[in-house]
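> Here you go, one structure.
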Amino acid sequence: EPEVTQTPSHQVTQMGQEVILRCVPISNHLYFYWYRQILGQKVEFLVSFYNNEISEKSEIFDDQFSVERPDGSNFTLKIRSTKLEDSAMYFCASRGGGAWEQYFGPGTRLTVT
Amino acid sequence: KNEVEQSPQNLTAQEGEFITINCSYSVGISALHWLQQHPGGGIVSLFMLSSGKKKHGRLIATINIQEKHSSLHITASHPRDSAVYICAVRSNTDKLIFGTGTRLQVFP
């Protein structure tokens, strides 16, 4: 069964460094999302992406964040200058054009020290 | 106030018991998801509902659109059902809005 994959599974970085989290959505999907979950808190929406454009972004998704679909298969989330409070599990999700169900990747645990 | 509220926050049960987890929401939605999150952190979609009832094995999900309420039931619970169960609603702008989750522990 097709699945969303994410790499790396765990990333440790120092405050102020740039990180890129990678996702490979299900191949025929058209809509892509990033969510995050700070330890002990609920999952929060970051951004949605369709047709090579951001469809919606949350207040969390400030100028330090960007998304890209560089090659038609990968979907990346970049954090330009990480802060301690960016430490969280980051989930990518995707869905097809004819259905509302979103499929989640296994997550990337980002630890900022 | 949270847009998606779940109850209870924590639930313990003996193997074989019938489990109910509730979700209420205050925003307009087009669909509601029930998700399962295991200790490793990964999220698995159990159901997506926009009306009525769905059943998959020992799991049953119902939704009442007028009352803005959904329930997830687990029949004949088993220790392997132990996980966090999350209700998430699909807003009218497509993003998912998540509840805080219900931590279920089923003991043998």
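> Starting from residues that are open to solvent by 40 Å² or more (accessible area, probe 1.4 Å) and within 12 Å of chain B (Cβ to nearest Cβ), keep the ones in region A:15-37 and report whichever is farthest from the chain's Cα centre (by Cα).
Within region A:15-37, the match that is farthest from the chain's Cα centre (by Cα) is A:30.
> Could you count how many residues in region A:56-65 are without any contact (Cβ under 8 Å) to a residue 12 or more places away in the chain and either open to solvent by less than 40 Å² (accessible area, probe 1.4 Å) or part of a strand (DSSP E or B) (or both)?
Qualifying residue count for the region: 2.
> Moving on to the next point. Here is a list of conditions, (1) farther than 16 Å from residue A:108 by Cβ; (2) assigned to a strand (DSSP E or B); (3) open to solvent by 50 Å² or more (accessible area, probe 1.4 Å), and residue A:12 meets all of them except one; can you say which number that is?
The single condition residue A:12 does not satisfy is (1).
> Out of the strands (runs of 3 or more DSSP E) lying entirely within chain B, which hold 1 or more residues that are modelled with pLDDT of 95 or more, away from chain A (no Cβ under 12 Å) and out of contact with any Ser or Thr (no Cβ under 9 Å at 6 or more places or on another chain)?
Numbers: elements: B:4-7, B:10-14, B:19-25, B:29-37, B:43-49, B:52-56, B:59-64, B:69-74, B:83-91, B:96-98, B:102-107.
So the answer is B:10-14, B:52-56, B:83-91.
> Residue by residue through region A:35-54, note down the ones that are in contact (Cβ under 8 Å) with a residue 12 or more places away in the chain, among the polar types (S, T, N, Q) and within 30 Å of residue B:85 (Cβ to Cβ).
Quick first cut of region A:35-54, residues in contact (Cβ under 8 Å) with a residue 12 or more places away in the chain only: A:35-39, A:43-52, A:54.
In the following step, the residues that additionally are among the polar types (S, T, N, Q) were identified as A:37, A:48, A:51-52.
Matches in region A:35-54: A:37, A:48.
> Could you identify the single residue in B:84, B:44, B:89 that is without any contact (Cβ under 8 Å) to a residue 40 or more places away in the chain and under 21 Å from residue A:107 (Cα atoms)?
Details: B:84 fails: without any contact (Cβ under 8 Å) to a residue 40 or more places away in the chain; B:89 fails: without any contact (Cβ under 8 Å) to a residue 40 or more places away in the chain.
Exactly one of B:84, B:44, B:89 is without any contact (Cβ under 8 Å) to a residue 40 or more places away in the chain and under 21 Å from residue A:107 (Cα atoms), namely B:44.
> If you don't mind, another one. Kindly evaluate residue A:46 against the criterion of being within 18 Å of residue A:113 (Cα to Cα), open to solvent by less than 50 Å² (accessible area, probe 1.4 Å), hydrophobic (A, V, I, L, M, F, W, C) and touching a strand residue (DSSP E or B) at 6+ places or on another chain (Cβ under 7 Å). Write out each step before concluding.
On the way: within 18 Å of residue A:113 (Cα to Cα): no; open to solvent by less than 50 Å² (accessible area, probe 1.4 Å): yes; hydrophobic (A, V, I, L, M, F, W, C): yes; touching a strand residue (DSSP E or B) at 6+ places or on another chain (Cβ under 7 Å): yes.
No; evaluated as a whole, the condition is false for this residue.
The values are calculated or read from the model by the stated rules, or taken from the named source; none is laboratory data. All of these numbers come straight from a predicted model, not from anything done at the bench. Neighbour counts run over all protein chains shown; Cβ positions are idealised from the backbone, glycine included. Heads up: the accessible areas ignore ligands, DNA and RNA and are worked out on the full protein's heavy atoms, side chains in. Shrake-Rupley method; radii C 1.70, N 1.55, O 1.52, S 1.80 Å.
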